[in-house]
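Read through the structure below, which is laid out as structure tokens, and then see the notes.
Each reported figure results from applying straightforward, stated rules to the coordinates on display, with no laboratory input. Only a predicted model underlies this, so the values are computations on that prediction, with no experimental measurement involved. Don't worry about glycine lacking a Cβ; one is built from the backbone with ideal geometry, like all the others, and counts go over all protein chains shown.
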Amino acid sequence: MALSNRDRARLSLGLQAGIFIAVVAVLIAIIDWGAVQSSFFDLENISGMFPEVITVGLWNTIRYTFFGFLFGLIGGTLLALMRIASFPVYRWVAAVYIEFFRGIPAILVFIALGFGASLAFNLNLSTLQTASTALAIVGSAYIAETIRAGLQAVPKGQMEAARALGMPAWRAMVTIQIPQAFRIVLPPLTNEAILLTKDSSLIFVVGMAGSAAELTKIGRDGILQYGAGMTPLVVAGVCYLLITVPLSMLARRMEERSPGKSSRRRPKKKATESPVTAGVK
Amino acid sequence: MSADTAAIPAGVVIENLRKSYGDNEVLKGISVTVDPGEVVCLIGASGSGKSTLLRCVNRLEDPNSGRIRVGEFEVTHPDVNLDAMRRKIGMVFQQFNLFPHLSVLENCTITPRRVLNQDRAEAETEALHQLQLVGLEDLADRRPAQLSGGQQQRVAIARALTMKPSLMLFDEPTSALDPETVGDVLAIMRDLAQAGMTMIVVTHEMGFAREVADRVVFMDQGKVVEEGAAEQVIGAPTAPRTQDFLRRVLNPLGE
């Protein structure tokens with residue numbers, strides 16, 4: 001007997017629900033929930049981590065990421081401008097920098113900076129300086145490519161109009177092209193901030209004093225302190241989400257109301273070669 | 001007040017201008033003279049080089065050889081101050097090219113403020129005056145995307161005029177417009193011509209050329225084929241290629 005479309009849709013929905021319920025039932029049956037709870041959700045451990053996980057861990061993660069992103073943004077903008085400069089040496093230097101730091105794991109930069117800066121440059125960097133510099137070095141490589149794409153997404157006519165009005169090239173870049181490019185790249189830049197937030201955890205390889213500990217360090221210390229349970233890592237993970245989920249919601253909202261959406265609409269192509277043909281068509 | 005000191009219209013001399021893209025020579029020795037206050041329309045088929053010629057006049061394109069002079073500026077001289085020169089040459093584009101991140105008013109004030117260092121009040125007074133002349137002072141706070149094509153093009157004209165240019169270049173200013181808004185833009189251009197502005201207009205609007213232009217230059221394949229009074233070139237062309245082009249434009253179905 002042939003099923004109507006509506007029956008078929010209902011059957012499909014019922015099947016999906018049935019499979020879901022079966023999987024959940026199996027999980028409930030085979031997993032030792034007591035063990036899971038004591039390993040990952042130990043309430044005593046959780047309450048023991050407050051308030052330091054917020055006042056020290058979350059706060060330091062935000063600080064390291066903020067400064068890393070800020071300097072990465074400045075460096076990335078400079079690199080993007082070098083990538084499109086007319087002086088070829090700038091283009092090569094920027095291209096090599098970007099390829100290099102996008103191509104190696106971020107953790108190498110943290111190690112090199114954390115242990116190498118004092119040897120090579122006789123610098124004694126604080127944890128904040130090490131973390132934010134390492135994030136800026138890595139982040140600027142990614143941000144540069146994002147911003148370059150944004151600059152090139154601004155229609156060529158914008159620069160031409162600005163130059164035709166008599167703006168010098170740098171003025172047209174600062175007043176016309178860069179502001180429009182930033183609007184285009186705001187959503188991808190927000191995603192970059194999310195990636196840097198997570199990469200800030202890599203500072204643990206360098207080690208740090210308790211007061212400089214960020215979320216991952218706090219989580220690891222918690223494990224050592226409380227024994228076998230993984231609860232401190234779960235708490236740290238949730239704290240990362242406190243940063244990254246609002247950021248990604250922000251990015252999505254900016255994408256929805258991106259100013260380009262209405263203005264990107266292209267003017268019609270030559271509608272009429274002459275007013276005479278318009279009437280005939 | 002500077003708002004009332006209109007610029008003195010400049011003359012244009014183009015001598016033996018050549019421009020190539022690779023092996024493709026798009027301007028093959030063009031010589032055209034435009035007197036101060038004169039309106040010249042460049043007509044011709046797509047690819048005839050008329051837009052390239054126009055863009056050479058303010059050096060958006062660099063010619064390979066030849067000479068251009070606009071008023072006191074030796075446009076093609078290697079040491080010319082390009083920015084100072086362009087401030088005296090207004091340009092209106094086919095695609096308007098308004099700055100979408102700025103309001104209509106800011107579009108008209110940004111260059112006077114940032115480049116001529118006018119203070120905000122002075123720049124806004126002049127911008128509102130120019131917007132009033134194109135009938136759009138009520139839309140000063142809007143963004144370009146909120147305007148129709150015809151309105152955007154009128155703002156683009158006002159924006160160019162806030163710089164007090166001595167010469168206005170129009171690159172197919174009505175080709176991207178809906179037919180019903182073409183008339184508003186052409187009317188403003190006619191007013192500007194009657195006010196004594198020197199204008200070079202690349203256009204397919206034969207009616208406008210006939211009514212407003214002092215002279216019409218017909219170009220084909222990078223050369224000037226025919227030039228003269230609008231009545232003569234459009235009404236009674238002598239060169240076979242001009243006749244052929246105008247027959248296609250004015251009577252596209254070939255009846």
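With a ≥ b ≥ c taken as the square roots of the eigenvalues of the C-alpha gyration tensor of region A:12-69, please select rounded if a/c is under 1.5 and otherwise prolate if a/b is larger than b/c or oblate if it is not?
Numbers: a/c = 5.22, a/b = 1.86, b/c = 2.80.
Cα axes put region A:12-69 in the oblate bin.
Each label was represented as a point 7 Å from its Cα along the Cα-to-Cβ direction; for B:D23 and A:D32 these points are 8.1 nm apart.
Couplings 3J(HN,Hα) of region A:64-70, computed from phi: 4, 5, 4, 5, x, 5, 4 Hz, in residue order, whole Hz [Karplus 6.51 cos²θ - 1.76 cosθ + 1.60, θ = phi - 60°; x for Gly and Pro].
Once every DSSP H run of n ≥ 4 in the protein assembly as shown is given -39500 (n - 2.57) and the sum is divided by its residues, what mean residue ellipticity at 222 nm do you get, rounded to the nearest 500 deg cm²/dmol?
That comes out to -17500 deg cm²/dmol.
Remark on B:V92: its backbone amide H falls under 5 Å from those of B:L169, B:F170, B:D171, a criterion applied only to residues 5 or more positions apart or on other chains, H modelled at 1.01 Å from N.
Between region B:189-219 and region A:60-131, how many Å separate their Cα centres? A separation of 56 Å, based on Cα centres. Here the label points at A:L119 and B:V80, each 7 Å from Cα along the C-beta direction, are separated by 6.0 nm in the simple model.
Taking only C-alpha pairs under 8 Å that are 6+ residues apart, what is the relative contact order of chain B in percent? Walk me through the intermediate numbers first.
Values: 478 pairs, mean separation 66.9, N = 255.
Value for chain B: 26 percent.
Of the cross-linked pairs B:K50/B:K88; B:K28/B:K164; B:K19/B:K164, those separated by over 23 Å at the C-alpha level are B:K28/B:K164; B:K19/B:K164.
Relative to the longest principal axis of the Cα atoms of chain B, the long axis of helix B:104-114 makes an angle of roughly 90 degrees.
Residues B:E126, A:E256 in ascending order of nearby Cβ atoms (within 10 Å, fewest first): A:E256, B:E126. Taking a ≥ b ≥ c as the square roots of the eigenvalues of the alpha carbon gyration tensor, chain A is oblate, as a/c is not under 1.5 and a/b does not beat b/c. For region A:55-121, applying the loop criterion from DSSP together with a ceiling of 13 other beta carbons within 10 Å to the chymotrypsin sites (Phe, Trp or Tyr not before Pro) yields A:F121.
Restricting to bridges with both residues inside the protein assembly as shown, how much of the DSSP beta-bridge set is antiparallel, in percent to the nearest 5? Please list the in-between numbers first.
On the way: 21 of 38 bridges.
Of the beta bridges lying entirely in the protein assembly as shown, close to 55 percent run antiparallel.
For chain A, what is the number of Lys pairs with C-alpha distance below 18 angstrom, counting only pairs 8 or more positions apart or on separate chains?
On the way: A:K156/A:K261; A:K156/A:K268; A:K156/A:K269; A:K198/A:K217; A:K268/A:K281; A:K269/A:K281; A:K270/A:K281.
Taking chain A as the scope, the lysine pair count is 7.
Here the Gaussian network model covers chain A, with springs between Cα atoms less than 10 Å apart; of A:G222, A:G116, A:G139, A:G116 fluctuates the most. Can you classify region B:174-255 as rounded, prolate or oblate using the Cα gyration tensor, where a ≥ b ≥ c are the square roots of its eigenvalues, rounded means a/c under 1.5, and otherwise it's prolate if a/b beats b/c and oblate if not? Taking the square roots of the gyration eigenvalues as a ≥ b ≥ c, region B:174-255 is oblate. I'd like the Karplus ³J(HN,Hα) series for region B:184-193: coefficients 6.51, -1.76, 1.60, θ = phi - 60°, whole numbers in Hz, and an x wherever there's a Gly or Pro. Those phi angles translate into 4, 5, 5, 5, 5, 5, 5, 4, 5, 5 Hz.
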